[in-house]
Number of protein chains: 2
Amino acid sequence: MTIRDVAKSAGVSYQTVSRALNDKGEIDGTTKQRVLDAARELGYRPSRFARGLVRQDSTSIGLVIPDLMNPFFTEVASAALVAARRRDWHVVVYDTADDPAQEQRTLAVIGSQVDAIVGYLSLPDDVIDRHTTGLPVVHIGRSTSGAHTTAIHVDGEEGIHAAVAHFARTGRHRIGMLDHEDRHGPSLRRTWFQNAMTNHDLKGTVVAAGQSIDGGQRAMVTILDTQPKLDALLTYNDVIAIGAMRTARHLGRRIPEDLAVIGFDGLHIGTMVEPPLSSVWIDTQKLGTTAIDQVEHLLAGEDPEPVTIRASLLLRGSA
Amino acid sequence: MTIRDVAKSAGVSYQTVSRALNDKGEIDGTTKQRVLDAARELGYRPSRFARGLVRQDSTSIGLVIPDLMNPFFTEVASAALVAARRRDWHVVVYDTADDPAQEQRTLAVIGSQVDAIVGYLSLPDDVIDRHTTGLPVVHIGRSTSGAHTTAIHVDGEEGIHAAVAHFARTGRHRIGMLDHEDRHGPSLRRTWFQNAMTNHDLKGTVVAAGQSIDGGQRAMVTILDTQPKLDALLTYNDVIAIGAMRTARHLGRRIPEDLAVIGFDGLHIGTMVEPPLSSVWIDTQKLGTTAIDQVEHLLAGEDPEPVTIRASLLLRGSA
DNA sequence: TTGAAAGCGCTACCAC
DNA sequence: GTGGTAGCGCTTTCAA
């Protein structure tokens, strides 16, 4: 089913069909209608490839996310979609399920579908490079490598320092942290935490937690076992914090009276729990928007500086 | 920057470049390496359009969602992404922000980007048809119209009947509902609710609520004003329920003792609140997966029957 | 207003 | 193993 079939059916040349379909001026009204009718009749649809080939417009961006079900990434994706729409760009979303094999498969096919990539990549530089030569890439939360590439960093240091300072100021000194169970060792957030603690001449207990409500619940049991008098808690992210708060309450701790809790991410869902979750807040809106901005620069052939998004303390109720 | 530039740079014909790039057999190892090096050097990248035009493979699906930040749609989208990946399909996501104008713009451009559409469309049939002739469409939660089209319906009737029956069985008789503030009048869910109430010879109070935590909070104030002795509440969705629970508690109601609450959707986030939210559960996993299945049928030229997903009562703690 | 011809960048099928 | 030629479906000149 091509443009020629429509032409035949309408009794005109295929160029005329093109004119009718693209609403060009130079065409007789009756002819145009006849062509349009024929096209509708046949259920004709122009090939997006042929059209894209000759028109050379229409940009699409590949958005690579580790887990759409994690509200943090949903917020980023949502902001990116809005920013892309403003430019009439299309966004192809890939969820790698936080799995290197899936990420590899994504990388292998994404190149033939999009004009640029933005998102969270975790494979080694050389693997990424091999699949993305010539393709602009905006990395989030990871340093950059090679040409046509830039990065957006999330700096939580100030935010976490503010959180620890808040704990100290409100008389909390038995402070713990529930970190991420990471294959790559202790997280940056944990380092920031420990630096902040050192600044206050404090030493904190750190326990690893799975990145889920359940992970938070389990880790909370562990940390309270080690340190029953814990009076303040920072977590790797909000989801862990929510799980931790639930368990803490079941174990008889009032929040924030007995135990102050501060999460990380500052998600909207933090307002849904009781008390509302205080958190080191990342502006996901800005993160997603900036990512698309950076793509635009890359696409324009520029070599933009990496951008840093700074997290800040957002007090809601749990601390 | 085309394949010919690479050919020139490597000193071969452009067909040979194609062979090298596509890993075809019939090529000398040295030549191949030379071509690959030249390509890398130049940052060459094959045109996805030219390639798609001649290869005629690679399918991409347009997923149209009213609001990615609503966890319900996130769950559906997530499932659809998984199902699409299994078939090596690419998914282009469009968030219409629940806005007819944005939906219209989406429809206008989506046709030249994807091979099929699946999702939530709210414009009138004729508008949709005009933009999607020849394009397969899988509608979710809406009846179908025209060829190359099918639908997936969500039937919450049984689930809501079960919810009301549960209320009645546990001795609750002052039952209210927080419905969706809809431009199109009372929702289907409200009709189901009222039918169920009639079955039990009960009459419920219904109040409209905005689709957000805040909407739920406000509507809760209103309904308790009208009916201070309310002892059971059904809501249009889980987000509204969560807002309602918060306000109810602030107004001195214990949940579920004084007020039993059942939401609708059965979202994961319902487990994050205290007490965990009971809900009429929709299998979003199945919904997303089935949607992609239906696309596959449509793409194969079949004319699949509409599918119905039945919601069921999921008791967690709030009722 | 319409038709003919060129060409977008690529792969595939021939020859050589 | 390599180059020539055709052609994917379309838009866009250029003539008629």
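Any read-out appearing in this document is the output of simple, stated calculations on the displayed coordinates, not a laboratory observation. No experiment lies behind these values; they were computed from the predicted model shown. Here the Cβ positions follow ideal geometry from the backbone for every residue, glycine too, while neighbour counts run over all protein chains shown.
A dipole drawn for segment B:262-303 from +1 and -1 charges on Cβ atoms has a positive end, and of B:THR271, B:TRP281, B:ALA300 the residue lying farthest that way is B:THR271. Take each peptide in B:4-10, A:276-282, count the other Cβ atoms within 10 Å of every residue, and average; sorted highest first, the result is A:276-282, B:4-10. When the charge dipole of segment A:100-180 is built from unit charges on Cβ atoms (+1 for Lys and Arg, -1 for Asp and Glu) and taken about the Cα centre, the candidate among A:GLY141, A:ILE110, A:HIS166 whose Cα reaches farthest toward its positive end is A:HIS166. The simple spin-label model puts a point 7 Å past each Cα toward its Cβ; for A:LYS286 and B:ASN22 those points are separated by 4.8 nm. Take the convex hull of the alpha carbons in chain A; its mean projected area over all directions comes to 20.5 nm². The GluC sites (Glu not before Pro) found in segment A:223-304 that occupy coil by DSSP, while having at most 15 further C-beta atoms within 10 Å, are A:GLU257, A:GLU302.
Once you reduce segment B:106-148 and segment A:18-58 to the center of their Cα atoms, the two points are 19 Å from each other.
Express the relative contact order of chain B as a whole percentage, based on alpha carbon pairs under 8 Å and six or more residues apart in sequence.
17 percent
Taking every DSSP beta bridge that has both ends in the protein assembly as shown, the antiparallel portion is near 10%. Every helix of 4 or more DSSP H residues in chain B counts as -39500 (n - 2.57), and over all residues that averages to -13500 deg cm²/dmol at 222 nm. Only the Cβ atoms of Lys and Arg (+1) and of Asp and Glu (-1) were treated as charged; on that basis the dipole of segment A:3-42 about its Cα centre amounts to roughly 80 debye. At a Förster distance of 35 Å, what's the computed FRET efficiency of A:ASP57 paired with B:ARG86, Cβ-Cβ distance as r, to 0.05? Efficiency for this residue pair is about 0.65. Over what distance in Å are the Cα centres of segment B:285-304 and segment A:243-258 separated? Their Cα centres are 46 Å away from one another.
Compute the Cα gyration tensor for segment B:268-319, then decide on rounded, prolate or oblate, letting a ≥ b ≥ c be the square roots of its eigenvalues: rounded whenever a/c is under 1.5, prolate when a/b is larger than b/c in the other cases, and oblate in all that remain. Prolate, because a/c is 1.5 or more and a/b exceeds b/c. All distinct Cα pairs of the protein assembly as shown go into the 1/r average, and the inverse of that average, the Kirkwood radius, is 27.2 Å. Placing +1 on the Cβ of every Lys and Arg and -1 on the Cβ of every Asp and Glu, with no other charges, gives segment B:80-216 a dipole of roughly 440 debye about its Cα centre. Taking all Cα pairs closer than 8 Å and separated by 6 or more residues, the relative contact order of segment A:156-281 comes to 25 percent.
Restriction of the trypsin sites (Lys or Arg not before Pro) in segment A:222-319 to DSSP coil positions whose beta-carbon has at most 10 other beta-carbons within 10 angstrom yields A:LYS229, A:ARG254.
Taken along the Cα-to-beta-carbon direction at a fixed 7 Å, the label points for B:THR191 and B:THR2 span 5.8 nm. Taken along the Cα-to-beta-carbon direction at a fixed 7 Å, the label points for A:GLN15 and B:THR222 span 6.3 nm. For chain A, a Gaussian network of Cα nodes joined below 10 Å ranks A:ILE269, A:ILE128, A:ILE27 by mean-square fluctuation, and the top entry is A:ILE27. Remark: label point of A:GLN56 defined 7 Å out from Cα along the Cα-Cβ vector; separations to the same position in other copies 2.7 nm, ascending. Distances from B:SER312 to itself in the other copies, using label points 7 Å out along the Cα-Cβ axis, amount to 4.9 nm in increasing order. Relative to the Cα centre, the charge distribution of chain B, modelled as +1 at Lys and Arg Cβ and -1 at Asp and Glu Cβ, gives a dipole magnitude of about 700 debye. For segment A:132-214, trypsin sites (Lys or Arg not before Pro) meeting the loop criterion (DSSP other than H, G, I, E, B) and having at most 13 other Cβ atoms within 10 Å: A:ARG183, A:LYS203.
Taking Lys and Arg as +1 and Asp and Glu as -1, the other residues whose beta-carbon sits under 13 Å from that of A:THR144 total -3.
In the calculated pair-distance distribution of segment B:156-281, the portion above 20 angstrom amounts to 33 percent of the Cα-Cα pairs. Please report the base-10 log of the normalised intensity I(q)/I(0) for segment A:3-42, using a Debye sum with one equal scatterer per alpha carbon and no solvent, at each q in 0.15, 0.22, 0.32 (1/Å). Relative scattering, expressed as log10 I(q)/I(0), comes to -0.24, -0.53, -1.13. Taking a straight line from the alpha carbon of A:LYS229, these lysines sit under 24 Å away, with near neighbours fewer than eight places off in the same chain left out: A:LYS203.
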